[in-house]
Amino acid sequence: MKLLQHKFGLAFTLAAAALLLVAPQYLKNYGVYLLSYWLVFVIAIMGLNLTTGYAGQKSLGHAAFFGIGAYTVAILMKAGISFWLGLPAAAVICFALGLVLGFPALRVQAIYLAFATLGFNTAIWLVMRNEEWLTGGTFGINNIARPAVLGYSLEGNRPYYYFVLAVTLVMAGLLWGLLRSPWGKAFKALRDNPIRAESLGIDIRNYTLLSFAIGAAYAGVAGALFASLVQFIEPGPFTVGASIMMYLMVVVGGAGYFFGPVLGAAVGVVLPEWMRDVPGVAAWYLPIFGASVVLMMVWLPDGLLSIPDRLKARRAAREASAQRAAKAAKMKAGS
Amino acid sequence: MTDFIQLFLSGLATGSIYALAALGFTLLWQASGTINFAQGEFVMLPAFMMLGFLSLGAPMLVSVVCTVLLAVLLLGWVFKRGVVDPLFKYGMMPIVVATIGLSIAMRNGVRAGYSAEAHPFPSLFADKLYNIAGVTVTLQDMGTFALAMVIVMATQAFLAKTVTGRAMQAVAQNTESASVLGINVPRMIFYTFAINAVLAVAAAMLVTPTYLAKFDMGEGLGTKAFFAAIIGGFNNSRGALLGGLIVGVCENLAAAYISPAYKDAVALVIFMVVILFKPQGLLGKKEERKV
Amino acid sequence: MTHPLLKVTGLKKAYGAIQAVGGVSFEVMPGEIFGVIGPNGSGKTTMFNSVLGQITPDAGEIELNGQSISGLSPLALSRRGVGRTFQTLQVFGKMTVRDNLIVAAQEHQGSMLSRIFAPGDSGLGDRADALIDQFRIRHVADTLAGTLSYGQQKLVDIAMAFMAQPSLVLLDEPCAGVNPSLVGGISTLLKELNRNPTLGRQSSFVVIEHNMDFVMDLCHRIMVMVEGQVMAIGTPAEIRANKAVLDAYLGN
């Protein structure tokens with residue numbers, strides 16, 4: 001049964017990959033841009049899914065790392081440094097800052113941690129908004145170029161899309177490998193029962209710090225790609241509100257499900273962008289989204305990707321109660 | 001020196017508004033384990049309810065009463081029955097996420113459905129200034145502080161001195177024992193939600209005149225209420241008062257003496273310091289982690 | 001003369017005015033099953049948690065194989081070969097039974113960095129399967145632990161404590177809330193694990209339990225704790241015949 005699931009999953013992934021490869025042929029320029037926008041967020045949300053979905057940490061400051069990645073690239077490129085140095089720099093800086101943010105996580109629990117990360121986001125955002133000498137303040141940094149690889153320019157939406165797609169696949173592959181390794185189990189143990197985990201020899205301290213650091217690094221990479229995608233960076237997309245939206249994207253897609261971010265980013269980012277020009281609908285997207293989140297918590301608290309598991313569980317429960325009923329009937333007949 | 005006192009006093013006024021929101025937040029947490037991420041929007045909505053009633057021609061007092069009733073209905077009863085009760089069995093996080101969704105829905109619902117503009121709001125106090133011993137204070141500030149303090153004290157007196165209030169405290173401390181004693185637990189929890197709604201209306205009446213009614217007025221307020229509640233001590237309702245006042249005063253002083261641009265970081269910094277050195281809050285009691 | 005595997009001397013822990021543990025000393029020999037019994041509130045779990053680094057005792061020395069382990073964290077103790085179960089069920093609900101067992105031992109192999117490149121089951125698949133068979137839970141090996149019945153989860157819980165091949169296992173009320181028909185099964189399992197270790201290393205057990213029949217049948221020696229003090233240590237026969245114990249514990 002598992003092999004069949006595996007084969008289905010593999011076939012699905014290949015089909016999706018093929019679709020993503022040919023999609024630009026059928027879309028206009030803006031559509032290709034939107035796909036890139038979506039993929040950038042998929043990378044960022046994958047990182048948050050690791051931190052909160054797999055490792056169970058409460059992180060409401062993810063947009064800060066997204067922003068740090070974007071500003072790192074923007075500032076470095078303005079200073080004449082290549083994007084190809086800016087991208088790894090963004091990842092490394094965010095990894096280091098993620099470790100720093102992980103330290104409060106060792107001291108405080110659950111909701112207090114959530115507020116601490118929220119506060120961290122506020123602090124970072126305030127720096128972005130106020131320190132004009134560094135970040136351009138509310139005016140931001142504009143005219144961020146798109147890089148060239150091996151002499152081939154990625155200036156156009158379509159080449160840049162393929163670049164972003166390649167990075168997304170690499171990041172996804174790395175995450176897949178990490179989660180399949182013993183680290184994946186260790187993260188889940190940290191999430192489900194940190195006290196037991198510690199008594200079994202799992203170093204919850206290190207895994208907590210790393211869950212923040214790796215998640216942040218992913219956001220940093222996404223931010224770097226974001227900078228060259230939108231080519232104008234200002235503090236707006238990196239607020240606490242943005243972090244909260246990112247957290248909701250993890251939850252809506254399905255926390256702890258590998259493909260959750262794909263769905264979550266689609267709902268959180270693509271859908272509203274798509275509907276931006278639809279008259280009358282655009283303003284109501286967020287209220288409807290908010291209300292849907294409330295409803296989803298009541299009916300589907302584990303997110304959209306938990307639907308197959310739920311159906312399976314319901315079928316198993318039905319079978320079990322049918323078995324019990326049959327047993328009871330047999331006992332009655334025998335007595 | 002007079003500057004300092006003026007800043008201190010107006011900080012007390014703002015702080016007392018934070019205290020109202022923080023108190024409601026703390027009570028909800030104590031009574032039902034609910035973390036209400038939409039607390040800021042719970043203050044925003046009554047502000048717009050008031051505007052609605054006033055625009056229908058109702059006089060001030062009638063509007064206030066109607067707002068309180070409507071708030072208790074929506075933010076108390078509907079919120080409890082519709083959101084908290086169904087999610088209670090799943091634990092804390094689903095409720096947190098649901099209230100996050102609720103805050104987004106409320107904020108943007110008002111923006112889309114009513115107005116994205118800032119609207120003026122009538123004050124309960126006349127526009128007067130007083131000069132006492134060289135220090136200038138507005139009637140608004142003094143009245144805000146006094147009224148908020150009265151409401152906070154009244155709430156705490158209600159909880160400590162009345163039969164219903166003590167029953168509510170019993171529910172907050174040990175729900176199972178309380179129900180065994182014959183206390184109607186769901187009703188006591190509802191009363192907590194109702195009180196939160198009333199506190200939110202009070203906060204709205206006091207804060208909106210100065211900052212105007214706008215769909216996003218709840219954002220900063222909600223966050224500061226959380227920080228204030230935690231700074232004061234999450235398991236102690238007196239903590240909400242202390243936390244709110246501390247945040248209000250420090251914010252004002254920091255804005256004047258350090259930097260106005262980083263005013264919003266003040267609550268955060270105090271929060272981080274408290275969390276790291278006294279996580280149970282200034283007035284809170286240490287909670288043992290049970291294995 | 002064999003040296004004790006675990007040696008506790010003068011353990012003390014007070015909570016405010018209450019002396020939960022007031023000077024407890026005992027030794028556990030290699031390969032021994034050592035029972036701890038006593039009325040509720042006698043300090044058994046406090047003593048356990050002190051030995052296991054969950055709480056810091058006020059006084060006392062704890063030695064494992066002659067080396068002091070006082071003050072070590074649960075993490076460090078696990079690395080030294082000490083395993084434990086908790087009074088309440090503590091399995092990882094969202095992982096399969098097999099994965100629960102694997103994660104219970106994976107951190108004892110290699111370094112954190114090397115583990116990124118290790119195969120998913122860290123080479124522990126065979127060991128997990130051996131325990132699964134021994135505990136007779138083969139039919140639920142690939143089910144999510146959180147969906148199992150209480151009794152089945154209890155078995156997984158206990159099995160997890162043995163995955164890392166500990167030399168000392170502390171079991172806190174392994175029969176709590178368990179169906180009487182399963183209690184016999186747990187006793188058999190523990191005896192098997194003690195005498196014929198599937199995992200290649202002989203373990204000593206310290207078992208807190210209230211089920212008298214279980215304790216008398218399973219343990220080589222038993223310690224009786226009353227109000228934070230040791231009242232008696234002896235074989236099951238000696239304890240059964242000890243009048244003071246009968247009076248204090250069974251409340252004549």
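Brief remarks follow.
- Helical runs (DSSP H, four residues minimum) scored at -39500 (n - 2.57) apiece and divided by the length of the protein assembly as shown put the mean residue ellipticity at 222 nm at -20000 deg cm²/dmol.
- Rounded, prolate or oblate (a/c below 1.5 giving rounded, otherwise prolate when a/b exceeds b/c) for the stretch C:92-164 by Cα gyration tensor: prolate
- Here the peptides A:280-293, B:71-84, A:307-320, A:89-102 are ranked by packing, the mean other Cβ count within 10 Å, and the order with the highest first is A:89-102, B:71-84, A:280-293, A:307-320.
- Estimated from the Cβ-Cβ distance and a Förster radius of 56 angstrom, the FRET efficiency linking B:Asn131 and A:Val100 is about 0.70.
- FRET efficiency, C:Asp217 to C:Gln67 (Cβ-Cβ, R0 45 Å, nearest 0.05): 0.85
- The stretch C:66-105 versus the stretch A:173-193: alpha-carbon centroid distance in Å: 18 Å
- When peptides A:45-51, B:114-120 are ranked by their average number of other Cβ atoms within 10 Å per residue, the highest-first order is A:45-51, B:114-120.
- Fraction of beta bridges assigned by DSSP in the protein assembly as shown that are antiparallel (%, nearest 5): 65 percent
- Value of relative contact order over chain B, rounded to a whole percent, pairs C-alpha under 8 Å and six or more apart: 36 percent
- Centroid-to-centroid separation of the stretch A:122-136 and the stretch B:252-278 [C-alpha atoms, Å]: 16 Å
- Averaged over the residues of A:183-193, the number of partner chain Cβ atoms lying within 10 Å of the residue Cβ comes to 6.
- Annotation: the residues B:Thr136, B:Thr34, sorted from fewest to most other C-beta atoms within 10 Å of their own C-beta, follow the order B:Thr136, B:Thr34.
- Contact order relative to length of the stretch C:92-164, as percent, for alpha carbon pairs under 8 angstrom and 6 or more apart: 53 percent
- Prolate/oblate/rounded label for the stretch B:151-291 (Cα gyration tensor, a/c 1.5): oblate
- For the protein assembly as shown, size of Cβ-based charge dipole, Lys and Arg +1, Asp and Glu -1, in debye: 1580 debye
- Applying a threshold of 32 Å to the alpha-carbon distances of B:Lys278/C:Lys7; A:Lys58/B:Lys80; A:Lys188/C:Lys7; B:Lys285/C:Lys13; A:Lys312/B:Lys224; A:Lys28/A:Lys78 flags B:Lys278/C:Lys7; A:Lys188/C:Lys7; A:Lys312/B:Lys224 as lying beyond it.
- Gain in span if fully extended, C:Lys243 to C:Ala17, counting 0.36 nm per residue against the direct Cα distance: 78.4 nm
- Peptide B:263-270, shielding by other chains (average Cβ, 10 Å cutoff): 3
- Charge dipole (the stretch C:92-164, unit charges on Cβ, about Cα centre) - positive-most of C:Tyr150, C:Gly125, C:Ala164: C:Tyr150
- From the alpha carbon centroid of the stretch B:148-178 to that of the stretch B:184-212 is 15 Å.
- Over the stretch A:29-302, relative contact order from alpha-carbon pairs under 8 Å, at least 6 apart, %: 38 percent
- Here the stretch B:2-220 is assigned +1 on the Cβ of each Lys and Arg and -1 on the Cβ of each Asp and Glu. Its dipole about the Cα centre then comes out at about 540 debye.
- Protection-proxy order for peptides C:177-184, C:135-142, B:95-102, each taking the mean of Cβ atoms within 10 Å per residue, highest first: B:95-102, C:135-142, C:177-184
- Farthest toward positive dipole pole in chain B [+1 Lys/Arg, -1 Asp/Glu at C-beta], among B:Gln140, B:Ala170, B:Ala200: B:Ala170
- For the peptide C:76-85, the mean number of other protein chain Cβ atoms found within 10 angstrom of a residue's Cβ is 3.
- Computed FRET value (nearest 0.05) for A:Ala110 with B:Val269, which takes r as the C-beta separation and R₀ as 30 Å: 0.90
- Backbone amide hydrogens, once placed in the peptide plane, bring C:Ile33 within less than 5 Å of C:Phe205, C:His220, C:Arg221, excluding anything fewer than 5 places away on its chain.
- Amide H to amide H distances under 5 Å link C:Ala20 with C:Lys13, C:Ala14, C:Tyr15, where only residues 5 or more positions off or on other chains count and H is placed in the peptide plane.
None of the figures in this text is laboratory data; all of them are computed from the coordinates on show. Worth saying up front: this structure is predicted, and the values here are computed from it rather than measured. Heads up, the Cβs are rebuilt from the backbone with ideal geometry, glycines too, and the neighbour counts pull from every protein chain shown.
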